[in-house]
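Following: one structure in structure tokens, then a few remarks.
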Amino acid sequence: MNTEGFYHQPVLLKETLAALKLSAKGLYVDGTVGGAGHAKAMLQAAPGIRLIGLDKDETALTVATARLAPFGERVQIYHSSFAQMKQALSALGWSETPLSGVLLDIGVSSPQLDTAKRGFSYMQDGPLDMRMDAKKPEARDQRIEGDRSSSCSLTAADIVNGWEEKEIARILWEYGEERWAKRIAAFIVAERAIVPIETTLQLVGVIKKAVPKGAREAGQHPAKRSFMALRIAVNDELEELRQGLDAAQKLLKTGGRLVVISFHSLEDRIVKDKFNNWARGCICPPELPVCVCGHRPEMKIVTRRPIMAGVEEIAQNPRARSAKLRVAEKL
């Protein structure tokens with residue numbers, strides 16, 4: 001495979017390396033190894049560390065394996081969601097070793113967006129897929145709306161063509177913060193009654209009809225929010241983030257750092273809330289004059305405000321504009 005065709009420029013790279021406080025003999029997890037931009041920099045910055053790279057995207061794993069091959073046994077690559085971090089570490093023989101740091105770079109990468117057949121892009125025509133793990137079985141499961149229990153082979157086409165109008169409207173509003181969610185959902189249901197909506201540009205056409213021209217935000221594609229919402233729903237990204245954060249927090253050693261880069265307000269809110277909950281001390285009702293719970297903080301928040309990209313980085317990589325980096329340390 002030509003790995004040069006899969007290049008993902010890592011955002012906030014210097015800030016990430018500083019936040020991780022790489023120790024000479026530490027064990028680190030890059031839970032979204034992708035094109036290995038962050039991982040390679042970590043291995044170069046601290047020659048003594050060991051790194052485990054996880055990703056759901058098998059194409060990304062192939063690229064990461066090739067790019068990190070020069071680091072030999074210092075690197076192990078594994079096909080897994082970061083939500084199953086504990087199971088992945090166990091499978092690789094690291095279940096008894098506390099982690100010195102975990103990096104989670106949340107969201108979809110540029111190579112995924114740029115590959116039309118993945119179905120993430122509203123700018124290119126392709127099948128309406130949007131699965132991060134593109135090699136999952138093609139057979140459709142029987143998962144109902146909101147049910148996350150079964151193995152996911154759900155695609156965006158399944159949602160658009162099979163879910164009830166109110167459920168489509170709900171995810172467009174909750175995950176995409178799309179103000180025209182109800183109207184878009186109604187147009188989708190009307191269109192699919194005539195012909196199935198199976199491609200990205202077919203869906204874009206429906207959304208453009210639904211969003212009034214005068215209401216479109218300047219500089220933003222009318223389908224942007226809807227496509228993001230569908231992607232989040234297909235991959236259950238928000239619940240996966242919650243599970244991944246919990247897994248990382250438990251696996252860190254004292255002094256270990258959890259570094260999270262998010263690109264969406266919903267993701268950032270989840271990270272912020274998790275960090276705040278872990279950093280809380282007493283959880284007694286406020287009316288009690290003396291603490292009786294004995295609860296102690298589990299993490300220390302290192303970044304009270306998120307670290308964001310500067311003007312120079314944004315000019316070189318526009319994707320960095322919405323990136324927010326938060327850091328917490330295990331107590």
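At a glance:
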{"read-out": "Conditions (1) in a loop (DSSP other than H, G, I, E, B); (2) in contact with a Leu (Cβ under 9 Å, 6 or more places away or on another chain); (3) of a type in the set (Asp, Glu): number failed by Glu217", "value": "(2)"}
{"read-out": "Among the candidates Gln220, Gln249, residue that is assigned by TED's automatic domain parsing to the domain that holds Glu178 and polar (S, T, N, Q)", "value": "Gln220"}
{"read-out": "Residue check, Pro47 assigned to a loop (DSSP other than H, G, I, E, B) and without any contact (Cβ under 8 Å) to a residue 24 or more places away in the chain", "value": "yes"}
{"read-out": "Flag if Ala83 is modelled with pLDDT of 95 or more, surrounded by fewer than 21 Cβ atoms within 10 Å (Cβ to Cβ) and either in a helix (DSSP H, G or I) or not hydroxyl-bearing (Ser, Thr, Tyr) (or both)", "value": "no"}
{"read-out": "Pairs where the first residue, in the stretch 191-206, is more than 19 Å from Gln124 (Cα to Cα) and the second is assigned to a loop (DSSP other than H, G, I, E, B), C-beta under 8 Å, 6+ apart", "value": "Glu191/Ile197"}
{"read-out": "Flag for Val160 being of a type outside the set (D, E, K, R), in contact with a Phe, Trp or Tyr (Cβ under 6 Å, 6 or more places away or on another chain), assigned by TED's automatic domain parsing to the domain that holds Leu230 and under 27 Å from Ser265 (Cβ atoms)", "value": "no"}
{"read-out": "All helices (runs of 4 or more DSSP H) inside the stretch 94-210 with 3 or more residues being modelled with pLDDT of 95 or more", "value": "156-162, 165-176, 181-192, 200-210"}
{"read-out": "Condition check for Ala39: in contact with a Gly (Cβ under 6 Å, 6 or more places away or on another chain) and assigned to a helix (DSSP H, G or I)", "value": "yes"}
{"read-out": "Lone qualifier among Arg319, Arg326 - being assigned by TED's automatic domain parsing to the domain that holds Leu17, in contact (Cβ under 8 Å) with a residue 40 or more places away in the chain, within 22 Å of Met42 (Cα to Cα) and not in a helix (DSSP H, G or I)", "value": "Arg326"}
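The values are calculated or read from the model by the stated rules, or taken from the named source; none is laboratory data. Just so it is clear, the structure is predicted and the values come from calculations on it, not from any experiment. Cβ sites come from the backbone with ideal geometry, for glycine too, and all protein chains shown count toward neighbours.
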